[in-house]
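All remarks here apply to the structure that follows.
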Amino acid sequence: MNSAISVVLIALAFGSAGAGEQTPSVPPEEAPAARSTDKIDALEAAVRRNPNDPASQYRLALALRGADRRADAFPHFVAASELAPPSSDLLLDLGIAYSDVGRYDDAEKTYRRLITLDPSNARALHNMGNLALRRGDAKEAADWYGRAVAARPAYLLAQYHLAYTQKFLGRYDDAMATYMAVLKSEPSSGREQAARTDSLYQMASIELARGAPARAEALLAEVVKIAPDHPSAHYARGQALRQLGRDDEARAEFAEHMKILASRPMGGASAGAAQ
Amino acid sequence: MTLSPGRRAALLAALSAAPFALALAAPAPAAAKPAEPLLADATAGSGIAYRNVSGAQGRGKGWLTETIGAGAAWLDYDGDGSLDLYIVNGSTHERPADTPGTNRLYRGDGRGRFTDVTQKAGVAGRGWGYGAAAGDYDNDGDTDLLVTTLRSDILYRNNGDGTFADVSQKAGITGSGWGTSAAFFDMDNDGDLDLYVARYVAFDRDKVPRRGTKEAIARTCLYKTIPVVCGPLGLPPSQDTLYRNNGNGSFTDVSREAGILLPAARYGLGVVTGDYDNDGDQDVFVADDSVPNLLWRNLGNGAFRDVGVESLCALSAEGDPQAGMGTDMADYDDDGWLDIGVTNFSQELNSIFRSQSGRFFNDVSTSIGMQASYSDLSWGMGFHDFDQDGDQDLFIANGHVYPDIDDYGLGTTFNQPNTLYVNEGGRMRAAPRTAGLEVARSFRGAAFGDYDNDGDVDVFVVALDGAPLLLRNDTPAAGSWLQVSLRGRASNRDGVGARVTARAGGLRVLRERKGGGSYLSASDPRLHFGLGGATKVETLEIRWPSGRTQTLQEVPAGRILVVREPE
């Protein structure tokens, strides 16, 4: 009973995992501290000394999240938001913190509050799309992602997620155009680079769905060169080759895919519990 | 993982210049469309008093055993021409494993009333029941029953006098382990029914932590952030069993010789048999939970080979294993080849694998409209022509496994209404949720059959922890129909594996007498043909499993036709 397709899939199909919602950049002076246990200890001491200081709470929260201690970070984001006047960055971080602990309704309320204060906040609009998709409402998700792209046209991850929802909804022409926009954008992070590479795969899978295996195969040949560990490209290429009657090559791609599958952790719902 | 500038420019140019390919060729449109299908809740007053027991109620559930529910079987056990109903029931972990069961057999009167005859018939079962299959394994003219349980399989032979005998041991039905769905089918076309039993987990409650305990959470028995029952991933899977009929009232376990024992067993939940490659023998598809599905191609020599991955029906379009639950095979696009449906978890689409002339399948779930199933957690399924316009619609039973899912704002709920997809030229449109389709419970097994003999297909759905749902098909202005009841001679008496093609008023309608199908359940053995506006079937061609063919001409619509295999 594993939920294999979820919002995680659209976060990024490979590369950086994340919870599917974009984390704002930690201020430059905080970035090294996020990875430092000593620094976290110091920030915790500062919070103990002055628990009513919103800046201390916020710095500790960011440091804990930077160290991927998201559950530990949560109460400090809440404390900071209760102590400080609302700001875009803090509300965005608070929304993400709610999502991190599974309080999606609170996350949505927080993003809506932020969007009321700052209607063109592209990150909040994008994260609203992620929440809608988590609820299974792809139409609403596409609307939020579209608004995020309108607010910031060069926002690569929002473009990428918009294209994914368009594809999911069967709007293949729209999705192809949006994926083209992703390919034309310059990535500024590993996640964005991965999104761009995955866009090639997604375009190929649309070509497969449209019954154009030769075009799909040509794209997928590129994807497997660029990203040989892509979790879906070998399988999709096998599908294309099978449709083209190149069965031996298809089998080789399926074998490669099954090797990648076998190497993946079997996570997700109801995992674990070895007897 | 980077695109070089030159390669990127070339790709962009190629993508911009080339025209997009044509959309998938749509199947031929069906006959004139009737009104929306109407499935009325006919449970009240039917006499069906069954309530499902699946361990602790609701949020008290601690183990996987308590979550997957049970199924039912439509069968005519007394041969009176009216469907009777067998409903499997679960148990609790507090009750000893060999405790007499609480399964129910209801005798139908053909008009919508059912009488409990369980005690007289002697089919209450034992232990914790899950699934049922029905078939005349001894070719004596009455329908026998197979029941799967947490510990062993039970074979009930129909004595022909309204009673059954438990012949499991005597007949060699000795497979052990958590059986789920089962299918009677003739694997070797030798004229008797063999038996495939899908199995799930080798479950030992003493070795599995209870939901929500520290040990369970430490073993990541979580769904997103919600503590849930452990498994199936992380629990040992159980091998399926294939029994070959010896022709003398007994079976032999041929799982090893037939090649269905896997180096790593799967978590089998749904099973259906059908001739997907049109080579005249029955193949087997198994829906597996969280691991790749199996398509056992019948090699025609007593052995099977799994071709699921290379045939593109083992995984999603993205190559991911999904949480397969129920399954069915049908020619939903009327191209003469059987397609495959699989129900899956919420936030996975239910899968429709469209056959490409039997060579392989394409996952067309997104392109034919299954996005409507994204939030549903689905189980029983069946392709049937509910509006009788000549193409097969799709009914899916829904309900979540985690009783406290409602608290987490995930866009899904524990109780869910069922879905009826209307086939519109090969696209599936979810029908409005009216009448019986408004009822929301945590549904599981679904069995399909014309219990009131009015010609259309009705549905019985088992719900976890509660009362079931009897859905009577009251579709207004539905098309005409024909039902075909097969009687094999050289072939198995039930005609399982027979393929029947009706030509009527420009329609060409293919049905195959399948084994298994849906989830933990068995459906009406009669083949149902919706005929749109046609008043007769011009030709009815039958390909029997024995290889004989038979053609009937000018068959009037609106009747249940018994067809006997020629000598």
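The values are calculated or read from the model by the stated rules, or taken from the named source; none is laboratory data. Treat the numbers as computed from the prediction; the structure is a model and nothing was measured. Neighbour counts run over all protein chains shown; Cβ positions are idealised from the backbone, glycine included. Please note that ligands, DNA and RNA were not included when accessible areas were found on the heavy atoms of the full protein model with its side chains. Shrake-Rupley method; radii C 1.70, N 1.55, O 1.52, S 1.80 Å.
At-a-glance table
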read-out: Hits in region B:181-219 (condition: under 22 Å from the mean Cα position of the chain (by Cα) and within 10 Å of another protein chain (Cβ to nearest Cβ)); value: B:Val201
read-out: Subset of region B:340-364 that is modelled with pLDDT of 95 or more, small (Gly, Ala, Ser) and under 19 Å from the mean Cα position of the chain (by Cα) - its residue that is surrounded by the most Cβ atoms within 10 Å (Cβ to Cβ); value: B:Gly341
read-out: Lone qualifier among B:Gln388, B:Gln356 - being within 21 Å of B:Arg511 (Cα to Cα) and touching a residue at least 60 places away in the same chain (Cβ under 8 Å); value: B:Gln388
read-out: Selection count where residues are within 22 Å of B:Phe360 (Cβ to Cβ), more than 9 Å from chain B (Cβ to nearest Cβ) and of a type in the set (D, E, K, R), scope region A:192-233; value: 1
read-out: Hits in region A:119-153 - residues which are among the polar types (S, T, N, Q) and within 14 Å of chain B (Cβ to nearest Cβ); value: A:Asn130
read-out: Sole residue being within 20 Å of the chain's Cα centre (by Cα), open to solvent by less than 10 Å² (accessible area, probe 1.4 Å) and among the β-branched types (Val, Ile, Thr), chosen from B:Val563, B:Val509, B:Val537, B:Val462; value: B:Val462
read-out: Residues within region A:140-163 that are closer than 17 Å to B:Ala372 by Cα and either part of a loop (DSSP other than H, G, I, E, B) or modelled with pLDDT under 95 (or both), tallied; value: 0
read-out: Residue check, B:Asp320 touching an Asp or Glu at 6+ places or on another chain (Cβ under 9 Å), on the phi < 0 side of the Ramachandran plot and more than 11 Å from chain A (Cβ to nearest Cβ); value: no
read-out: Residue in region B:352-360 that is within 24 Å of B:Gly131 (Cα to Cα) and either within 11 Å of another protein chain (Cβ to nearest Cβ) or not in a loop (DSSP other than H, G, I, E, B) (or both) present; value: yes
read-out: Qualifying residue in region B:62-74 (condition: assigned to a loop (DSSP other than H, G, I, E, B) and charged (D, E, K, R)); value: no
read-out: All positions within region A:217-236 that are in contact (Cβ under 8 Å) with a residue 24 or more places away in the chain, within 16 Å of A:Ala255 (Cα to Cα) and crowded, with 24+ Cβ neighbours inside 10 Å; value: A:His230, A:Ser232, A:Ala233, A:His234, A:Ala236
read-out: Hits in region A:176-191 (condition: more than 10 Å from chain B (Cβ to nearest Cβ) and open to solvent by less than 10 Å² (accessible area, probe 1.4 Å)); value: A:Val182
read-out: Region B:433-456, residues that are open to solvent by 10 Å² or more (accessible area, probe 1.4 Å) and outside any strand (DSSP E or B); value: B:Arg433, B:Thr434, B:Ala435, B:Glu438, B:Val439, B:Asp452, B:Asn453, B:Asp454, B:Asp456
read-out: Complete set of residues in region A:163-175 that are at the interface with another protein chain (Cβ under 10 Å from one of its Cβ atoms), crowded, with 20+ Cβ neighbours inside 10 Å and not aromatic (Phe, Trp, Tyr); value: A:Lys167
read-out: Search result, residues across region B:398-425 that are within 13 Å of chain A (Cβ to nearest Cβ) and open to solvent by less than 30 Å² (accessible area, probe 1.4 Å); value: B:Asn398, B:Gly399, B:His400, B:Val401, B:Tyr402, B:Asp404, B:Ile405, B:Gly409, B:Leu410, B:Thr412, B:Gln416
read-out: Only listed residue being over 21 Å from the mean Cα position of the chain (by Cα) and on the phi > 0 side of the Ramachandran plot, chosen from B:Gly516, B:Gly495, B:Gly425; value: B:Gly425
